[in-house]
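Everything below concerns the one structure shown next.
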Amino acid sequence: MGMTITEKILAAHSGHETVVPGQIVDSDVDIALGNDITAPIAISRFAEAGADKVFDTKKVVLVPDHFAPNKDIASANQAKVMRNFAKNQKIENYFEVGRMGIEHALLPERNLTLPGDVIIGADSHTCTYGALGAFSTGVGSTDLAATMITGKIWFRVPESMKFIFRGVKKNRFISGKDLILYVIGKIGVSGALYRAMEFTGPMIDDASMDDRFALANMAVEAGAKNGIMKPDWKTEEFMNSQEISPGRDFTQYESDEDALYHSVYEFDGDDIDLQVAYPHLPSNTRPVSEATDVTIDQVVIGSCTNGRFHDLKVAEEILRGNKVAPGVRMIVIPATQKIYMRAMKEGLIETFIDAGAVVSTPTCGPCLGGHMGILAAGERCVATTNRNFIGRMGDPKSEVYLAGPAVAAASAITGVITDPTQVVTA
Amino acid sequence: MKLSGKTWKFGADVDTDQIIPARYLNTIDPAALAAHVMEDADPTFAGKVGEGDIIVGGDNFGCGSSREHAPIAIKAAGVSCVVAPFFARIFYRNAFNMGLPIVECKSAADDANTGDVFEVDLAEGFVINKTQGKTYESAQVPPFMQNLLDAGGLIAYTRERISKQP
Ligand code: SF4
């Protein structure tokens, strides 16, 4: 019997020829990630366990991105705990403010996350690296602590669900974000609980790496353990285009024809419109054409889902020559310094500022209601982020509508949730 | 281990942003986190929850972020156990790792009203609603996770692992 890509990676990392869903494996870990919110707890647990050094100074990655640049004194103290730990442990991949970015955009840029890897992170969106053909999943701080010590973690091998996207996208504004919102709308926020979501089909082959990252990023929003797709020439091209080459060997896996799946879903591009997820769940989706009369106070373009270069580029094209509507605050946050620099060189930043938007240094900031764009009671925001839970971006009485960058940019111009094809030609 | 306490009932999909909103994540002090536990689901909860009380959640309790601050806040608020039909993946893992008992039992969670008194037997795997006079069987804890609990959580387990290293 064949294996899925997820099963193959877990087998290879746990010294088994084959593994089956439900089996508990003790897996080697290639990268263990923490941030300024989750690492401080992991660092206390690390000490509690009596450990004195990390298993590998190259494989532990620490990024201050959530409340950084430090939003207040308490955050500054937490960031300092992580910085000191990184220094004492001689962690090679600690990225200081000025060199950092939102972790899930930054790590692939540095070629730290590779096809065939097992990656864990004390951050739920660690599933993003599935876009590269890696098994990657979010865990808590205690798991991170144990992995930093031993280089290993236990997993229950998940069952896999296959999502096949046939056909082509309806218009050029349809993005990876729309595909994943569409799926979550179909299966619900626990529709893939404990399972692997495997994405495949012509629309995935056609999708850019930035779209693939957005897709894998939100697998956790359906409750999944990981999202994954097979690596191809685009994956290689992406890796080769980075300044730093991979420091380790890697293996490209794909699922066998006769692998067993929990379920198989087939979708057709003709049925997938631009999506908007209404408050307060990412599964509350509807086509943008049905999102009428929603007036907004703020637009956020950024996050580990949609803060990459092509996301900004789409938004810029729509904004060019237009103005942000009076009464709307638009905040653009390039996900990494490198993306920021490219956006500047290619004139995107100028368009944003001309239109009346602010452009921020990389940070998670408003995505988790941290800083840099918190909502007041009763305010509404269209965001390219990944969660619209109660109070996620500020006051518990505020509302977040999730969408891709095209809908977000078009809505900034009109002040109501808008189909971008109404503003520019598709 | 047997636990007994008064229940507080919540709906489905209570996410970790409701359990402990991100605006309070600039500390890892358990008591400071407990002061805001469940705040965006019920702003008055931290003021009324008592030592030993039991949270009864709906489907997918603890979905969303990986923040361990969520089970820490619940535990530090004195809550002895969480009962729900099923839990989100990372929350489930975190709770075991840090020793917060959680129990999957759909009918007990569905039937409960706030204020009912529960008795939870973790070892035998059942939940009794003393107020309603009903007994329910709860889901078995996988053997591997039982070992982890017996070892005293993941940190104790890891400490053993380190001490065995040459
Ligand atoms: S951008 Fe948002 S979802 Fe992504 S890591 Fe930061 S806080 Fe989490």
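The values are calculated or read from the model by the stated rules, or taken from the named source; none is laboratory data. Remember, it's a predicted structure, so these values are computed and weren't measured experimentally. Cβ coordinates were reconstructed from backbone atoms using ideal geometry, including for glycine residues, and neighbour counts include every protein chain displayed. Note: areas computed on protein heavy atoms with side chains; ligands, DNA, RNA excluded. Shrake-Rupley method; radii C 1.70, N 1.55, O 1.52, S 1.80 Å.
Could you please find all residues in segment B:1-22 being open to solvent by 40 Å² or more (accessible area, probe 1.4 Å) and without any contact (Cβ under 8 Å) to a residue 40 or more places away in the chain?
Scanning segment B:1-22 gives no hits.
If I go through segment B:28-58 residue by residue, how many of them are open to solvent by 50 Å² or more (accessible area, probe 1.4 Å) and either of a type in the set (D, E, K, R) or within 16 Å of the ligand (Cβ to nearest atom) (or both)?
Within segment B:28-58, residues that are open to solvent by 50 Å² or more (accessible area, probe 1.4 Å) and either of a type in the set (D, E, K, R) or within 16 Å of the ligand (Cβ to nearest atom) (or both) number 3.
Is it the case that A:Asn111 is in a loop (DSSP other than H, G, I, E, B), closer than 23 Å to A:Ile339 by Cα, within 16 Å of the ligand (Cβ to nearest atom) and out of contact with any strand residue (DSSP E or B) (no Cβ under 7 Å at 6 or more places or on another chain)?
no
Exactly one condition in (1) of a type in the set (A, V, I, L, M); (2) open to solvent by 10 Å² or more (accessible area, probe 1.4 Å); (3) facing another protein chain (nearest Cβ under 8 Å) is not met by B:Leu25; state its number.
In the conditions (1) of a type in the set (A, V, I, L, M); (2) open to solvent by 10 Å² or more (accessible area, probe 1.4 Å); (3) facing another protein chain (nearest Cβ under 8 Å), B:Leu25 misses (2) alone.
If I filter segment A:340-352 for residues that are touching a residue at least 24 places away in the same chain (Cβ under 8 Å), assigned to a strand (DSSP E or B) and away from the ligand (no atom under 14 Å from the Cβ), do I get at least one hit?
no
Restricting the first residue to segment A:54-75 and requiring it to be among the acidic types (Asp, Glu), which pairs with a second residue that is not in a loop (DSSP other than H, G, I, E, B) meet a Cβ separation below 6 Å and a spacing of at least six or different chains?
A:Asp65/A:Asn35; A:Asp65/A:Glu103
Against the definition (surrounded by 24 or more Cβ atoms within 10 Å (Cβ to Cβ) and of a type in the set (A, V, I, L, M)), how does A:Ile333 come out, yes or no?
Yes, satisfied.
Select, from A:Arg380, A:Arg387, the only residue that is open to solvent by less than 20 Å² (accessible area, probe 1.4 Å), within 24 Å of the chain's Cα centre (by Cα) and charged (D, E, K, R).
A:Arg387
Here are the criteria: (1) open to solvent by 10 Å² or more (accessible area, probe 1.4 Å); (2) hydroxyl-bearing (Ser, Thr, Tyr); (3) within 13 Å of another protein chain (Cβ to nearest Cβ). Tell me which single one A:Thr361 does not satisfy.
The single condition A:Thr361 does not satisfy is (3).
So which strands (runs of 3 or more DSSP E) stay within segment A:191-310 end to end and still have 1 or more residues that are more than 16 Å from the ligand (Cβ to nearest atom) and open to solvent by 40 Å² or more (accessible area, probe 1.4 Å)?
Where strands (runs of 3 or more DSSP E) fall fully within segment A:191-310 and carry at least 1 residues being more than 16 Å from the ligand (Cβ to nearest atom) and open to solvent by 40 Å² or more (accessible area, probe 1.4 Å), they are A:196-200, A:263-268, A:285-287.
Of the residues A:Val416, A:Val407, which is modelled with pLDDT of 95 or more, open to solvent by less than 10 Å² (accessible area, probe 1.4 Å), of a type outside the set (Phe, Trp, Tyr) and away from the ligand (no atom under 15 Å from the Cβ)?
A:Val407
Checking A:Leu114 against (1) buried (at least 24 other Cβ atoms within 10 Å of the Cβ); (2) under 29 Å from A:Arg286 (Cβ atoms): exactly one of these is not met. Which one?
Result: A:Leu114 passes all but (2).
With the requirement that a residue be surrounded by fewer than 24 Cβ atoms within 10 Å (Cβ to Cβ) and away from chain B (no Cβ under 14 Å), what does segment A:180-190 give you?
Residues satisfying the conditions are A:Tyr182, A:Gly185, A:Lys186.
Which pairs have Cβ atoms under 8 Å, sit 6 or more apart or on different chains, and link a residue in segment A:381-402 that is over 11 Å from A:Gly369 (Cα atoms) and among the basic types (Lys, Arg) to one that is at pLDDT 95 or above and away from the ligand (no atom under 11 Å from the Cβ)?
Qualifying pairs under 8 Å: A:Lys397/A:Ala377; A:Lys397/A:Gly378.
List the helices (runs of 4 or more DSSP H) inside segment B:86-154, counting only whole elements, that have at least 2 residues being open to solvent by 50 Å² or more (accessible area, probe 1.4 Å).
B:106-111, B:143-151
Pairs please, first residue from segment A:271-284 and more than 14 Å from chain B (Cβ to nearest Cβ), second anywhere and of a type in the set (Asp, Glu) and not in a loop (DSSP other than H, G, I, E, B), Cβ atoms under 6 Å, 6+ apart in sequence or on different chains.
Note: pairs meeting the criteria are A:Leu274/A:Asp178; A:Gln275/A:Asp178.
Which one of the conditions (1) without any contact (Cβ under 8 Å) to a residue 60 or more places away in the chain; (2) touching a helix residue (DSSP H, G or I) at 6+ places or on another chain (Cβ under 6 Å) does A:Asp311 fail to meet, given that it meets all the rest?
(1)
Having 3 or more residues that are under 25 Å from B:Asp29 (Cα atoms) and away from chain B (no Cβ under 14 Å) is the bar; report the helices (runs of 4 or more DSSP H) wholly within segment A:1-99 that clear it.
Of the helices (runs of 4 or more DSSP H) lying wholly inside segment A:1-99, those with at least 3 residues that are under 25 Å from B:Asp29 (Cα atoms) and away from chain B (no Cβ under 14 Å) span A:73-88.
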